[in-house]
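The values are calculated or read from the model by the stated rules, or taken from the named source; none is laboratory data. Quick caveat: nothing in here was measured; it's all calculated off a predicted structure. We place every Cβ from the backbone using ideal geometry, glycine too, and count neighbours over all the protein chains shown. Surface areas here come from the heavy atoms of the whole protein model, side chains and all, with no ligands, DNA or RNA. Shrake-Rupley method; radii C 1.70, N 1.55, O 1.52, S 1.80 Å.
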Amino acid sequence: MKLPQFELHRPTSVDAAARLLADLGDDGSAFSGGTELLLAMKLGLIKSRHLVDLKGLPELHGIELRPGGVWIGAGVTHAEIEASPAVRAILAPLAVMASQIANMRVRAVGTIGGNLCFADPNSDPATFLSAVGARLRTWVRGESREVAPEEFTVGPYQTVLEPGDLLLGVWVPTPPPSANVVHLRMKIHERPSVTVAAMVEASHGEVVAARLAVGSVGPKVLQVDLGEELRGLGGSAYSSRVGALVALLAGSIPLLPERPESPEYQRHLVRVLSTRALEVGLAAATSSAGRPAQNGGGEA
Amino acid sequence: MATVITNLPSSKAGSVGHEVPRSDARVKLSGKAQFTGDIRVPGMLYGAVLRSPLARARIRSVDLRAALALDGVVAILTGADLMDMDPYYGHALKDRPIVAIDEVRFVGEPVAVVAASSLSVAENAVNLIDVVYASESPVTSLQAALLPDSPLVHTKRARPGFAHGLGQLPDPEGNVCYRYGFSKGDVSNDFVQAAVVVEGEYRFPAVYQYALETHSVVADHRGDEVTIWASCQHPFLVRQEIADLFDLDLDRVRLIVPFLGGGFGSKSYTKMEPIAVAISRKAGRPVRVVNRVDESMVTTRRHNMVCRMRTAASATGELIAREADFWLDTGAYADNGPRVTATAGDAAPGPYRWRSVRVDGRCVYTNTAPAGSYRAFGAIHLQWIGELQVDEIARRLQVDPLEFRCRNVLPVGGEVRAGAKPLDADLVGDLRKVAAAIDWGQPRTEGRGVGLSVGLLAAGAHPVSMATVRLGADAGATVLVGTTEMGQGARTAMAQIAAEVLALPSEQVVVRGTDTQYTPYDRSTGASRSTTVAGKAVELAARDVLAALEETAAAKFEVPLDRLSARAGGVTDGERWISHQDLIRARFGFAGGELVGHGMVQPSRGSGSFAEGPVFWEVCLAAAEVAVDPVTGVVRVIRTASIADVGRAINPQLIRRQDEGATLQAIGNALFEEMRYDPEGMLLNDTLLDYRVPSALDVPERMTCVIVENGDGPGPFGAKGCGEGAFAGVTAAIATAVAAAGVPMQELPMTPERVWRRIQTLGHPDREGEAS
Ligand SMILES: Cc1cc2nc3c(=O)[nH]c(=O)nc-3n(C[C@H](O)[C@H](O)[C@H](O)COP(=O)(O)OP(=O)(O)OC[C@H]3O[C@@H](n4cnc5c(N)ncnc54)[C@H](O)[C@@H]3O)c2cc1C
């Protein structure tokens, strides 16, 4: 299980990188932190003989506060997100989520782009970004495009990108002032077994908008807009409606086969974590109305 | 010339009992320590192993042509190369061929070994070997192996290995390769008479020892001799097995053992050495064979087990009878399974005053990777079960579990098992200490549980160890002892023992790795024996040197020998002092030479202590507090306390580190580690991504190690071993704590899902009806 021989290319522009990758086809792979790629190559799962290093592309770096949100380059590491004042300013739970990924070594080199492009179902960012309505910017056949995270992933280890396409970065909109974001995860093995994120916007203790994303159990993140269902609800009416909706969702969400945990238990966790995320989301949104969302995530 | 000093130097040299820093810390932290994988020998080739993809199959044909044609391939070993020898080995049962011959018995069994100029060439060649198998349906579980019409994993009767030490081998019954049991009293009658009976069926999983360093060997076979650098815990036993296997003289087999990157039993006895020697023999050049992690995971593991146990007590709160039947899955080859079975059997009753006991353990072959030693084997398998039943009885009788145990445990000198050494530890004292350390009896938060456990582990293995101490003309000493340094701090402790006797600072005592050509014999590094047995040999060897020093000093000072003692790097008669250096000079009449002392521990020489088995009973006693999340089933270990009943603490810091390491491994074994196989016998979780080991995040808020020094050990200065007891003790204490939180579990590991399911079936955390 040694890393096979490969040739390393170091383009300095997105265009050059994309063209190189398009020419190489299946024989080439984009290479960011390498935390997934190199492991997969050692295991013989990816057989590319050419690696195109994206770390030299300036467009892929940097976290920038812009009107209405924050731009995070695909080449930004989890550790950079975790430590970013810009991220903390508009969406602290994103920084908290990043701080829970993997371990310090992986966070130091592993990138958000690499996480999304590898499309391992056990992903924290994929779930989180779906809940907050983020948009991914891609470079497809020489053109820049925008896609929702839950559409970017097609299935396990599969995205909409073709050889020569790149992920440029992620646009994360600033949540409304009265919204709160909660990210919860249950980690039994090395990667999370269930990830749940909720964004709840409330006014005077009543829901204005709500979105829930459930990941890591199915082939891709399931995102549901619960605004219609929950609008105007608060207190026990909210709780009982959440209970019913979440039970329905947990019972029907598609699951990946051959997991160490049984479907029954996975559905139970989806129900428990989703309920918790939505409950905490409303409570915190209510208590922090008017202030930027500050509530972090948590380990179940 | 020799200086005699009359204002005596202060005697703060005392080394034993001090927290001397690890002598290997600096080289290891700076990356300079040498492990087997770092070794390069001139002309060395790289080995790679072709392993079976099937759990049970006949080998129809092996085609090596494409692989041999590859540039850089020097030799390929298959079963066909072993026809000129008896290719079977195994220290307990000689049941295992060096590489598969005609059939394979588990997924991962070595079928061929390539030696090539580089590792990548060797790996590529492995992929070019074409083997045609005829698959047969495998026996991959205990349940399947025990069916009356189960296929046999081995059809030939196994021969005893060179060190099976288990008496007459019983006739094979189906897939059962070894059976160990005993009984006393009238068990059936006592169960009829009992006021309370608790019984149940319990499961323990297969787990991997997960030493950071995988099994690594460099072997150089030339002519009628072989040199082996190996990551092995027991170099002298490997030497013996290799000599037997390859028909070489013992002194022609040389084992050199550098640092080990952890062992925990995974490197006990012979593992990858025969393969490396065989391919070197064929290639005519030295060959290096270093496992990948997934290969080491099919090289050895801990036995999974099914156990049925029942325990009876009287209405007045006396434990009266226990019965245990258990089946240990030893995989395709016995490895240390028979010994594990016997040790598990000895641990089954637990240290209580039984009127009657019946224990029956079986060691069972299946088509899975072989299982062998892992820290605290046997005790870890049985203790949690027995202790859960003790707790359940205490609960039904409404007696405090601590008081219940104190009333029922064996007293000092009590009979643990007929014919074995009487109990050499104060368990009531230990129980009270561990209870105090965990604030036993204090009110607890909701969802929390506190548990205790007590058990015994037969420790010390066979008490045969020798050591040599050389005191040089510069008064620095070198200890030659066969104990393997595998992270436990053995070299530091050995240095302290010699330093204590010779009144030297321990930094002035050097202990290096084993080279069987120069290092005197030591049976093994395991069974918590090194400080006790090998340490005693070091003490005796140092005393031998001291005797020579004192002889010279007696002549010099013209005083009788009994007036002399070692002090601050020299010898004193209480008034005058002379350095070791000057004594050596005085003895030989010039500025050179050295004093050499020998120490030997053997059963017949011991003061009774080494003559009876076991060398000592290692106390496995601990307490734990856990939090159980009833919604997700997640168990968190909040704090633990363990007893290190060590007789005399040679180095308290090393002892605490032992118990902390064991506590973390116990958390892994109790809560999440488990090797999962598919029905075809393929290991599903052979990477750290899905085989979860404890990490820094699993460390409890508080781990207390209570060191008990009663001076009652047979080792140096009254010491006895430690390091395994906490593993069995903490695992069982976590199980009893989870039960105390309302969820008695009958299967380890207590994964979130299992705990959640159990809560579902109990209906309510306030349980009833489980064991009947
Ligand atoms: C031990 C471990 C634990 C982990 N735990 C977690 C966890 O708890 N939660 C979690 O969410 N994740 C976890 N991960 C996943 C981790 O987040 C990813 O490994 C990391 O983010 C991948 O980034 P990278 O830069 O290393 O990607 P690389 O390995 O460099 O690339 C991964 C894949 O993406 C492609 N790629 C990379 N960048 C681009 C781009 N800009 N455009 C197009 N394709 C691209 C590559 O070609 C490759 O196929 C874990 C990983 C490990 C190894």
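Output the residues belonging to the range B:263-282 that are farther than 25 Å from residue B:524 by Cα and crowded, with 24+ Cβ neighbours inside 10 Å. Once the filter is applied, which keeps residues that are farther than 25 Å from residue B:524 by Cα and crowded, with 24+ Cβ neighbours inside 10 Å, the range B:263-282 yields B:279, B:280.
The single residue among B:473, B:490 that is outside the structural domain of residue B:736 (by TED's automatic domain parsing) and surrounded by fewer than 18 Cβ atoms within 10 Å (Cβ to Cβ) turns out to be B:473. For the range A:27-44, which positions are more than 14 Å from every other protein chain (Cβ to nearest Cβ) and near the ligand (Cβ under 6 Å from one of its atoms)? Result: A:29, A:30, A:31, A:32, A:33, A:34, A:37. Yes or no: residue B:504 outside any helix (DSSP H, G or I) and within 28 Å of residue B:9 (Cα to Cα)? In short, yes.
Say whether the condition of being within 11 Å of the ligand (Cβ to nearest atom), away from chain B (no Cβ under 14 Å) and part of a helix (DSSP H, G or I) is met by at least one residue in the range A:147-161. Scanning the range A:147-161 turns up at least one residue that is within 11 Å of the ligand (Cβ to nearest atom), away from chain B (no Cβ under 14 Å) and part of a helix (DSSP H, G or I). Within 14 Å of chain A (Cβ to nearest Cβ) and open to solvent by 20 Å² or more (accessible area, probe 1.4 Å): does that describe residue B:671? In short, no.
Screening the range B:265-363 for strands (runs of 3 or more DSSP E) wholly inside it with 1 or more residues that are within 14 Å of chain A (Cβ to nearest Cβ) returns the ranges B:287-290. Return yes when residue B:663 is under 16 Å from the mean Cα position of the chain (by Cα), over 30 Å from residue A:258 (Cβ atoms) and hydroxyl-bearing (Ser, Thr, Tyr) and no when it is not. Yes; evaluated as a whole, the condition is true for this residue.
Find the residue count for the range A:262-299, including only residues that are modelled with pLDDT under 95, surrounded by fewer than 24 Cβ atoms within 10 Å (Cβ to Cβ) and touching an Asp or Glu at 6+ places or on another chain (Cβ under 8 Å). Within the range A:262-299, residues that are modelled with pLDDT under 95, surrounded by fewer than 24 Cβ atoms within 10 Å (Cβ to Cβ) and touching an Asp or Glu at 6+ places or on another chain (Cβ under 8 Å) number 0.
Taken together, the criteria place residue A:183 among residues that are under 23 Å from residue A:231 (Cβ atoms), outside the structural domain of residue A:82 (by TED's automatic domain parsing) and within 14 Å of the ligand (Cβ to nearest atom).
Conditions tested, residue by residue: (1) farther than 16 Å from residue A:248 by Cα; (2) more than 14 Å from chain B (Cβ to nearest Cβ); (3) in contact with a strand residue (DSSP E or B) (Cβ under 7 Å, 6 or more places away or on another chain); (4) in a strand (DSSP E or B).
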| site | (1), (2), (3), (4) |
| --- | --- |
| A:186 | yes, no, yes, yes |
| A:190 | yes, no, no, no |
| A:197 | yes, yes, yes, yes |
| A:211 | no, yes, yes, yes |
| A:219 | yes, yes, yes, no |
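I want to confirm something. Restricting to the range A:164-180 and keeping residues that are part of a loop (DSSP other than H, G, I, E, B) and within 16 Å of the ligand (Cβ to nearest atom), which single residue is nearest to residue A:280 (Cα to Cα)? Talk me through it step by step, then tell me what you get.
Here is the first cut: in the range A:164-180, the residues part of a loop (DSSP other than H, G, I, E, B) are A:164-165, A:174-178.
Still in the list and also within 16 Å of the ligand (Cβ to nearest atom): A:164-165.
Numbers: A:164: 42, A:165: 39 Å.
Checking each candidate, the answer is A:165.
Scanning the range B:553-606 for residues that are open to solvent by 20 Å² or more (accessible area, probe 1.4 Å) and at positive phi gives B:558, B:568, B:574, B:589, B:593.
Do we have any residue at all in the range B:676-685 that's under 17 Å from residue B:211 (Cα atoms) and within 12 Å of chain A (Cβ to nearest Cβ)? So far as the range B:676-685 goes, yes, one or more of its residues are under 17 Å from residue B:211 (Cα atoms) and within 12 Å of chain A (Cβ to nearest Cβ).
Quick check on residue B:704: is it touching a strand residue (DSSP E or B) at 6+ places or on another chain (Cβ under 7 Å), of a type outside the set (Phe, Trp, Tyr) and open to solvent by 10 Å² or more (accessible area, probe 1.4 Å)? Yes. From the list A:250, A:237, the lone residue that is within 14 Å of chain B (Cβ to nearest Cβ) and among the small types (Gly, Ala, Ser) is A:250.
Residues that are among the hydrophobic types (A, V, I, L, M, F, W, C) and either touching a residue at least 60 places away in the same chain (Cβ under 8 Å) or open to solvent by 10 Å² or more (accessible area, probe 1.4 Å) (or both) within the range B:345-354 comprise B:347, B:354, listed in sequence order.
Taking every residue in the range A:100-122 that is away from chain B (no Cβ under 11 Å) and part of a loop (DSSP other than H, G, I, E, B) and pairing it with any residue that is of a type in the set (Ser, Thr, Tyr) and within 7 Å of the ligand (Cβ to nearest atom), at least 6 positions away or on another chain, the pairs with Cβ-Cβ distances below 9 Å are A:101/A:123; A:110/A:32; A:110/A:35.
Considering B:654, B:683, the condition of being farther than 15 Å from residue B:528 by Cα and open to solvent by 10 Å² or more (accessible area, probe 1.4 Å) is satisfied by B:683 alone.
Counting only residues that are part of a loop (DSSP other than H, G, I, E, B) and in contact with a Leu (Cβ under 8 Å, 6 or more places away or on another chain), the range A:221-259 holds 4 of them.
Counting just the residues of the range B:585-637 that are within 14 Å of chain A (Cβ to nearest Cβ) and assigned to a loop (DSSP other than H, G, I, E, B), which one comes out farthest from residue B:530 (Cα to Cα)? Checking each candidate, the answer is B:631. Applying the condition of being open to solvent by 20 Å² or more (accessible area, probe 1.4 Å) and touching a Pro at 6+ places or on another chain (Cβ under 7 Å) to the range A:109-131 and asking which residue is nearest to the ligand (Cβ to nearest atom) yields A:115. Candidates A:205, A:169, A:155: the one that is touching a residue at least 24 places away in the same chain (Cβ under 8 Å), surrounded by fewer than 23 Cβ atoms within 10 Å (Cβ to Cβ), small (Gly, Ala, Ser) and under 24 Å from residue A:21 (Cα atoms) is A:155. Listed by position, the strands (runs of 3 or more DSSP E) inside the range B:7-96 whose residues that are assigned by TED's automatic domain parsing to the domain that holds residue B:134, open to solvent by 20 Å² or more (accessible area, probe 1.4 Å) and in contact with an Asp or Glu (Cβ under 6 Å, 6 or more places away or on another chain) number at least 3 are B:57-63. Of all positions in the range A:132-144, at least one carries a residue that is without any contact (Cβ under 8 Å) to a residue 24 or more places away in the chain, away from the ligand (no atom under 14 Å from the Cβ) and open to solvent by 20 Å² or more (accessible area, probe 1.4 Å).
Looking only at the range B:221-258, which residues are assigned to a strand (DSSP E or B) and open to solvent by 20 Å² or more (accessible area, probe 1.4 Å)? Those that are assigned to a strand (DSSP E or B) and open to solvent by 20 Å² or more (accessible area, probe 1.4 Å): B:221, B:222, B:225, B:227, B:229, B:254, B:256.
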